[in-house]
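Reviewing the structure listed below.
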Amino acid sequence: MRPAEHVAIIMDGNGRWATERGWPRLVGHRRGAERVREIVRACPDLGIRWLTVYAFSTENWKRSTEEVLGLMAIFARYIEREADRLAAEGVRMRFIGDRSRLDEGLQTLMAGIEARTAGFTRLNFTVAINYGGRDEVLRAVRGIAAEVAAGRIAPDQVTEAMLSDHLDTKGIPDPDLVIRTSGETRTSNFLPWQTAYAEYEFTPTLWPDFSAHELSAILARFGNRERRFGGVASA
């Protein structure tokens, strides 16, 4: 089996990690951001060329105002602090999700680091912020419907490839492997179209405790799986 070149991670357990220690949830989120730094740095040496992480879902707005504002501040601080390092290490950073609800200052930071790192290829690092898989597919369908209504394409010309090209992940290959930390075993509306044939790994480790060593072990297990994509096992 070829290696997992694209790994997607549902980074779960930050708040629980902090609560178990008697600390505010935002302490866990800050520690989680530090863990992102470690994993991003480790990916190229592990053969990972594409890394996509789930940072904030469309449902996360239901959390307390304090936590949401704190998370947005952490996102902004991460971009500001990591910009030079990511550029120096050849990491391209981009974002998926609906940006319209995000603070204008954060949107500016996001656009800035995307432009600054656009030419790098050592690692393609994608962060999902205000992202929901159903929302993404709905936005894509609406875009295609508008083209049909305008007469630019016929309904029978709509293909899977066309839908993929209308998703936020246009130009990004589908994940080979999805990892969810914290022991939860649901996909939480993360990349439903793109992960149709991905392998999944659920680990009880809370995200702030997740390490490059554990990632390496998961990749080794992935390497022993046979991905048939609907076919039959090889002889």
Taking the Cβ of each residue in 113, 144 as the centre, tally the other Cβ atoms inside 10 Å and list the residues starting with the fewest.
144, 113
Contact order relative to length for the chain, counting C-alpha pairs under 8 Å separated by 6 or more residues, stands in percent at 29
For a quick check: sort 67, 136 by the number of other beta carbons within 10 angstrom, fewest at the front.
67, 136
Fewest to most neighbouring Cβ within 10 Å: what's the order for 23, 50, 207?
23, 50, 207
If you build the convex hull over the alpha carbons only and average its shadow over all orientations, what do you get for the chain? Give it in nm² to one decimal.
14.7
Pick out which of 216, 64, 188 has the largest mean-square fluctuation in a Gaussian network model of the chain, springs linking Cα atoms closer than 10 Å.
64
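Just so you know, all these numbers are worked out from the coordinates, no wet-lab data involved. Keep in mind that this is a model prediction, so the values were computed, not measured. Cβ coordinates were reconstructed from backbone atoms using ideal geometry, including for glycine residues, and neighbour counts include every protein chain displayed.
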